[in-house]
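Colleague: Have a look at this one.
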Amino acid sequence: MSEITEPDIVLVEDNPNDAEITIRSLKKHHLANKLVWLKDGVEALDFLFARGEYTDRDANNLPRVIFLDLKLPKIDGMEVLAEIRNNDITKKIPVVVLTSSKEEQDVVGTYDLGVNSYIVKPVEFENFAKAIADVGFYWLVTNTSPTT
């Protein structure tokens with residue numbers, strides 16, 4: 001469980017290697033000071049909606065961006081995205097899918113649910129690290145999101 005209750009980034013990733021690359025790349029570019037890593041869909045929804053082990057967290061402290069894998073245990077990324085978009089409090093949070101899936105049905109399905117960006121994880125370490133740094137910089141520094 002993370003001790004950060006007001007994150008800039010929520011990373012929902014079950015693969016420890018992909019999570020480590022993501023976190024390292026963001027740290028290298030000074031973008032991971034307030035990052036929460038959640039390892040499955042249930043934990044992600046519990047964190048975002050202040051349920052389960054996160055009931056003490058203020059659900060109004062929203063992340064600036066969510067990096068979401070699709071292939072997650074317990075509840076998959078599509079269901080997580082659907083719940084985020086179906087809630088008035090969380091529906092405007094930018095969600096970036098980071099996945100190994102190139103399946104057209106996954107791309108179309110996530111866009112139908114309102115994903116902001118769909119990125120297929122590059123296989124090579126350097127390309128993956130650069131893609132993470134670029135997307136982190138864009139969503140945390142360049143992009144302007146609504147305040148409510």
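The values are calculated or read from the model by the stated rules, or taken from the named source; none is laboratory data. Owing to the predicted nature of the structure, the values given are computational and were not obtained by experimental measurement. Cβ atoms come from the backbone with ideal geometry, glycine included; neighbour counts cover every protein chain shown. Heavy atoms of the whole protein, side chains included, go into the accessibility calculation; ligands, DNA and RNA do not. Shrake-Rupley method; radii C 1.70, N 1.55, O 1.52, S 1.80 Å.
Colleague: Taking the Cα centroid of segment 97-148 and of segment 19-52, what is the distance between the two, rounded to the nearest whole Å?
Modeller: 14 Å
Colleague: Continuing with this model, one more query. Quick one: accessible area per residue over the chain, 1.4 Å probe, rounded to a whole number of Å²?
Modeller: Values: 7920 Å² over 148 residues.
Per residue, the chain has 54 Å² of solvent-accessible surface.
Colleague: Under a Cβ-Cβ cut-off of 9 Å, what is the net charge of the residues other than residue 52 that fall near it, where Lys and Arg count +1 and Asp and Glu count -1? Don't skip to the answer; put the middle values down first.
Modeller: Values: positive: 51; negative: 43, 46, 53.
The answer is -2.
Colleague: Take the chain, connect every pair of alpha-carbon atoms lying under 10 Å apart with a spring to form a Gaussian network, then pick out the residue of 121, 27, 71 with the largest mean-square fluctuation.
Modeller: 27
Colleague: Also, quick follow-up: Would you please state the base-10 log of I(q)/I(0) at q = 0.09, 0.20 1/Å for the chain, with intensities from the Debye formula using one equal scatterer on every alpha carbon?
Modeller: Relative scattering, expressed as log10 I(q)/I(0), comes to -0.24, -1.34.
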